[in-house]
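The values are calculated or read from the model by the stated rules, or taken from the named source; none is laboratory data. Since this is a predicted model, take the numbers as computed values, not measurements. Note that each Cβ is placed from the backbone with ideal geometry, even for glycine, and that neighbours are counted across all protein chains shown.
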Amino acid sequence: MTAHAAAAPAPSKGFLSPTQQIVVAMIVGILVGYLFPASEYPQAIAAFKVGSSVFLRLIKTLIVPLLFSTLVVGIAGHGDDMKKVGRLAFRSIVYFEIVTTLALVVGLLAVNLIRPGDGITLAGASVQTGSEYAATKVTFASVMEHMVPQSFFEAGTKNEVLQIVVFTILFAVGLSRVDGRPKQVMLEWCDALAQVMFKFTGLVMAFAPIGIGCAIAVTVGSSGLSVLKSLAILVLTLYGALLVFALTVLLPAAWIARVPIRRFWSFVKEPWLIAFSTASSEAALPKAMENLEKFGIPRRIIAFVLPTGYSFNLDGSTLYLAVAAVFAAQAGGIELSIGKQLLIMLTLMLTSKGVAGVPRASLVILSGALAMFDLPLEAIALILGVDAIMDMARTSINLLGNCLATAVMARWEGEFPDDQTAMLS
């Protein structure tokens, strides 16, 4: 870990810090979306959508080279002890499963206590939308097959994070068994690529306030604030449950792992805001990797845990699935026993692994589960009305949970930075 990598964030040279610029952009985006609704100003919303899409496209160009270079150097460049890699993988999976299980528990408790589906009528909702999502079959076999790429370049063009990680781990293990000059050349090339990509990330992030403001304007302009009225209880239930999860699960995990919470948040808040405002985990990944390294966590751990968590540690999405599945039953007037709810949750937990690359993956998984347990698919049509608002919250918690998981794994591996050393500039 270089002194530069461990340094605290430099003071902002501008009038506003990057985080403050993003907050201002979000506020402006909300006002613009409210004043220029898509129904009255379709051309304006279309223009904002271009700005949002350009930003997200720039972000996606970073993901493959950044993941590949950092993970190769992290695994093959730190000795030939593959036991470390296996131990880190095992510990990460154990942690992921514990935390996502707790997310399901919090979601179930919240939706059963508040019962947001009571009083909701499905009469005007169409079953067609839910059926279309449910037609995308998600099984354990398909998840396992989806994990392994048939082509690295195909996985790269589709930004299939888990497939890229699987290929890169195998590549790095193979490289670690190579001796002499070929290994050194490849490691030096990957290290140089990683350094360039971090600089590239800085350039792209300079555009973040504009891209994020456009994304918020499109969301508010397309959905409108009025869409929240009929399903406000569902939205508030999710937001409240996510807050409870953060306070009762993530915060104690940080205390137990002795993660300095204020310093951790100072490095994570910017990628968290990016994830919240764009509702895209991919958009926040490069900045999260960069800031966690500045926080002092070894690149080897960041490059493995953070992208792997994007498929196996979706805390916010898991909690959302618990709330949405039981909401659908309540809206359809169906009372589910505790045993049936637990069975549904087990199904959701198994089928939600490794499918983050599927468009609207959470709705695909939810629709499949509703169809499997004969619950009303019409509820999907209602949920879609406020899905963008809920997606922002669950995506930001996914990002926060994975950043914390990376810090916890660093502590568990005995490689968490000494607080005084990490604060040196």
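Here are some notes:
- Residue in the stretch 346-353 that is assigned to a loop (DSSP other than H, G, I, E, B), in contact with a Phe, Trp or Tyr (Cβ under 9 Å, 6 or more places away or on another chain) and modelled with pLDDT of 75 or more present: no
- Applying a threshold of 6 Å to beta carbon distances and a minimum spacing of six or more residues, or different chains, the list of pairs starting in the stretch 200-213 at a residue that is modelled with pLDDT of 85 or more and ending at one that is among the hydroxyl-bearing types (Ser, Thr, Tyr) and surrounded by 16 or more Cβ atoms within 10 Å (Cβ to Cβ) reads Gly211/Ser52.
- Flag for Lys269 being under 27 Å from Phe171 (Cβ atoms), surrounded by fewer than 24 Cβ atoms within 10 Å (Cβ to Cβ) and among the basic types (Lys, Arg): no
- Qualifying residue in the stretch 357-368 (condition: modelled with pLDDT of 80 or more and either hydrophobic (A, V, I, L, M, F, W, C) or in contact with a strand residue (DSSP E or B) (Cβ under 6 Å, 6 or more places away or on another chain) (or both)): yes
Yes or no, residue by residue, for (1) modelled with pLDDT under 75; (2) surrounded by 13 or more Cβ atoms within 10 Å (Cβ to Cβ):
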residue	(1), (2)
His4	yes, no
Val28	no, yes
Pro42	no, yes
Ile45	no, yes
Gly51	no, yes
Phe55	no, yes
Phe68	no, yes
Gly86	no, no
Ser92	no, yes
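Yes/no per residue for (1) touching an Asp or Glu at 6+ places or on another chain (Cβ under 8 Å); (2) of a type in the set (A, V, I, L, M); (3) without any contact (Cβ under 8 Å) to a residue 40 or more places away in the chain:
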{"residue": "Leu58", "(1), (2), (3)": "no, yes, no"}
{"residue": "Val73", "(1), (2), (3)": "yes, yes, no"}
{"residue": "Ala76", "(1), (2), (3)": "no, yes, no"}
{"residue": "Val94", "(1), (2), (3)": "no, yes, yes"}
{"residue": "Gly107", "(1), (2), (3)": "no, no, no"}
{"residue": "Val111", "(1), (2), (3)": "no, yes, no"}
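- Set side by side, the residues Ala393, Ala379, Ala388 differ, and just one is surrounded by 24 or more Cβ atoms within 10 Å (Cβ to Cβ) and on the phi < 0 side of the Ramachandran plot, which is Ala379.
- Look at (1) farther than 30 Å from Leu56 by Cα; (2) under 24 Å from the mean Cα position of the chain (by Cα); (3) at pLDDT 70 or above; (4) surrounded by fewer than 18 Cβ atoms within 10 Å (Cβ to Cβ) and you find that Arg115 fails only one, number (2).
- Counted residues, the stretch 243-258 - those being under 12 Å from Asn398 (Cα atoms) and either modelled with pLDDT under 95 or exposed (fewer than 14 other Cβ atoms within 10 Å of the Cβ) (or both): 0
- Single condition Thr121 does not satisfy, out of (1) crowded, with 18+ Cβ neighbours inside 10 Å; (2) at pLDDT below 75: (1)
- Residue ID - modelled with the highest pLDDT, chosen from residues in the stretch 259-292 that are of a type in the set (Val, Ile, Thr) and closer than 29 Å to Gly33 by Cα: Val268
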